[in-house]
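Right, one structure below, let's go through it.
Bear in mind these aren't lab numbers, they're just calculated from the coordinates by the rules spelled out. Values in this document were obtained by computation on a predicted structure and should not be read as measured data. When we count neighbours, we look across all protein chains shown, and the Cβ atoms used for this are built from the backbone with ideal geometry, even at glycine.
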Amino acid sequence: EVQLVESGGGLVQPGGSLRLSCAASGFTVSSNYMNWVRQAPGKGLEWVSVLYSGGSTSYADSVKGRFTISRDNSKNTLYLQMNSLRAEDTAVYYCARDEPGGNSDAFDIWGQGTMVTVSS
Amino acid sequence: QSVLTQPPSASGTPGQRVTISCSGSSSNIGRKTVNWYQQVSGTAPKLLIYSNNQRPSGVPDRFSGAKSGTSASLAISGLQSEDEADYYCAAWDDSLKGSVFGTGTKVTVL
């Protein structure tokens, strides 16, 4: 079965760090474009970052310089390292796969999400 | 913060047709394809329409998408109670070099 399972969320103080993980099954992370999308409580969806199969990355301006997307091919897992966290980073974080083989930039597989709360 | 604009709400009775608009610009919808997501309360988003008007396997043909210029729309025909959810449009933005989502539309089945 093709699926994504996130973990690593929790409560962290402002200025702190957290690393989210997204374990994939049924497909190979390194062969696909992989994304992080977040949703603040009661708010809409916000794209955070993408890791291309070739290894290049892109980030939303709101997280650029603070967040780093990466992957471990041996574990078939995507990561999001989040540093210098702020209250406005509080959200459910989803990992999502780009629909393979096309130019649609559509996210066809989503994880269940992991909650990150930044508060003192 | 959202670059794509949607109406905050839409509603209809069972069996009716509901249409949701999505307005963007030349850097996103104007030159890229549009995707639509459905998010039922408390769950992860689900891909509903991709490449403007394509339905993934398993999505009922009651859902249809269209694009014209810098705007797009999602239509739900034969509205059903299980269609009650939040709907988001999305596209790649060449200027921002990232994906952008719409503000979201809450569909209520009366």
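Partner chain Cβ atoms within 10 Å, averaged over the residues of A:106-112 - can you pull that number for me? Can you show the working numbers first?
Details: counts 16, 8, 5, 3, 7, 1, 2.
The shielding value for this peptide is 6.
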* **Scattering curve values for the protein assembly as shown, log₁₀ I(q)/I(0), Debye with Cα scatterers, q = 0.09, 0.10 Å⁻¹** => -0.35, -0.44
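Would you mind calculating the relative contact order of chain A from Cα pairs under 8 angstrom and at least 6 residues apart, reporting the percent as a whole number?
36
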* Asked: Using a Gaussian network model of chain B with C-alpha springs under 10 Å, which one of B:S11, B:S95, B:S51 is most mobile by mean-square fluctuation?
  -> B:S95
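List the equivalent ellipsoid semi-axes of chain B in whole Å, largest first, each obtained as the square root of 5λ for an eigenvalue λ of the Cα gyration tensor.
Details: eigenvalues 104, 36, 32 Å².
Semi-axes from the Cα gyration tensor: 23, 14, 13 Å.
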* Structure fact -> Too long for a 23 Å Cα-Cα cut-off, among B:K46/B:K106; A:K64/B:K106; A:K43/B:K32, are A:K64/B:K106; A:K43/B:K32
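Could you tally the net charge around B:T43, taking each other residue with its Cβ under 15 Å from the Cβ of B:T43, Lys/Arg +1 and Asp/Glu -1? Can you show the working numbers first?
Numbers: positive: B:K46, B:K106; negative: A:E6, B:E82, B:D83, B:E84, B:D86.
Net charge in that neighbourhood comes out at -3.
Would you mind ranking A:C95, B:C22 so that the residue whose beta carbon has the fewest other beta carbons within 10 Å leads the list?
Numbers: A:C95 32, B:C22 28.
Exposure proxy ranking, most exposed first: B:C22, A:C95.
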* To do: Please compute P(r) over all alpha-carbon pairs of chain A, binned at 5 Å starting from zero, and give each bin as a whole-number percent.
  => 2, 12, 24, 26, 20, 10, 5, 1, 0
